[in-house]
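Peer 1: My structure is below; once you've seen it, I'll send some questions.
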Amino acid sequence: MTISTIGFPTDALEQMEALDTALAKTQSELSTGLQIQTAADNPAGMAQVNQLNVELSASQQYVTNGNAASTNLKLEEQALTDGTNILQSAQDLAVQANNSALTASERQDIATQLTQLLQQLVGVSNSTDSNGNYLFGGYANTTQPFAQSGNSVIYSGASGVNQIQIGSDQSVSAGDTGSSVFMNVPAGNGTFTTAAGSANTGTASIDAGTVTNPSAWVPDTYTISFTSPTQYQITNSGGTVVSSGAYTSGSAIAFDGVQVTVTGAPVTGDQFTVAAAGTASVFSTLSALVSTLTSTTLNSAQLTTQVGTALQQLQGAVAHMGDVQASVGSRVDVITSAQSSAQTQQTNLQSSVSSLQDVDYAAAVTQLNTEEVSLQAAQESYASLAKLSLFNYLS
């Protein structure tokens, strides 16, 4: 095959351009530390790097989400602690108030302290985070959830809370609604409530009662009527007599899996009710107790019954706050565990990206030296070829 003279320099130029391109790429890899900089360098490898980076970015976002949720939950935990302390103070005052020897003035003093505690509790229920968002507002966290008018408190927050994603298939509630924490507290002993009839004229009072056999309890409104100072009968809401017996002050009256204790001297016609428990707010409990202590129409037996009911309700509210606080602590633990897993995953993902994309400096330096030597040799060869001409041999 015949090769023209001009073919030699053309081939040499193409070889030098290829060597110069390879040398520039190696130099770029060494300066950036990346052996894959564009998809053209390694299409399959770049696709893997992109996918790993997507997973890494998502994992980092889960950690960020977890940090925000954990911060809010810890603020809520502190608010719940403050609320619990307020309710326990109210309990102590209710115990003091549950004394028939107190004067009206002394009861008024206790009522004043309870009113102050009510205001403090409203303040806790309207707690905010560092951005001014209300902790117990639910979805509507930019609107104040609780408003007080006198001793009445209403909730205008949302009924749901944001779910924060802390893993590819894991999310947690970022808080609790004010309705679930402060408004919907199981009333009475959680199963039923008790009350004295407003028309009672005797000195008998009734306690909060207990459940002795949950399976035998039939939720309804029952009336304990005294047919004489020493006899009673119990009827359900339909008027059917479910039990009756002789009355002795301080002895348990049992029926349908529950029992209550009436203490004191009833008169014929006095009545007490035992009703299935619903829910009540912590605010209404405190307000009702204030109303009881400032009432001028209640007799001592009615006063004792209502204060005892409020005390039972406050105990239930404290237990309810404890349950919510335990739930918050559990969620913080879940977030901590998820973040630990995410950080481990991020380390593994970064290692995988590095193995695909990072330069092996020792190998790259060796390659650079080889390419520099090859390019220098090619340049010298081209210079020699450029001097070759038939005229060089003519004299």
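None of the figures in this text is laboratory data; all of them are computed from the coordinates on show. Owing to the predicted nature of the structure, the values given are computational and were not obtained by experimental measurement. Neighbour counts are summed over all protein chains in view; Cβ atoms, including those assigned to glycine, are modelled from backbone coordinates with ideal geometry.
Peer 1: Val211 label point, 7 Å along Cα→Cβ, cut-off 20 Å on backbone N: hits in segment 307-322?
Peer 2: 309-322
Peer 1: Once the cut-off is 15 Å, how many percent of the Cα-Cα pairs in segment 193-277 end up in the long-distance tail?
Peer 2: Of all Cα-Cα distances in segment 193-277, 51 percent exceed 15 Å.
Peer 1: Then there is this: For Asp220 and Gln60, what is the calculated FRET efficiency with R₀ set at 41 Å and r taken between the beta-carbons, to the nearest 0.05?
Peer 2: 0.15
Peer 1: Compute for segment 131-209: radius of gyration divided by Kirkwood radius, i.e. Rg/Rh, restricted to C-alpha atoms, rounded to two decimals.
Peer 2: Radius of gyration relative to Kirkwood radius: 1.22.
Peer 1: Using Cβ contacts closer than 10 Å as the measure, can you line up Ser251, Ser180, Ser130 from fewest to most?
Peer 2: Ser130, Ser251, Ser180
Peer 1: Just want the ordering: Leu289, Leu75, Leu311, from fewest to most Cβ atoms lying within 10 Å of their own Cβ. Mind dumping the intermediate values first?
Peer 2: Values: Leu289 28, Leu75 17, Leu311 21.
Listing Leu289, Leu75, Leu311 from fewest to most nearby Cβ atoms yields Leu75, Leu311, Leu289.
Peer 1: Show the residues, 5+ positions off or on another chain, whose built amide H is closer than 5 Å to the amide H of Gly167.
Peer 2: Close amide H contacts, sequence-distant or interchain: none at all.
Peer 1: If you project the alpha carbons of segment 104-260 onto their three principal axes, what span does each projection cover, largest first, in Å?
Peer 2: Projected onto its principal axes, the Cα set of segment 104-260 covers 64, 50, 24 Å.
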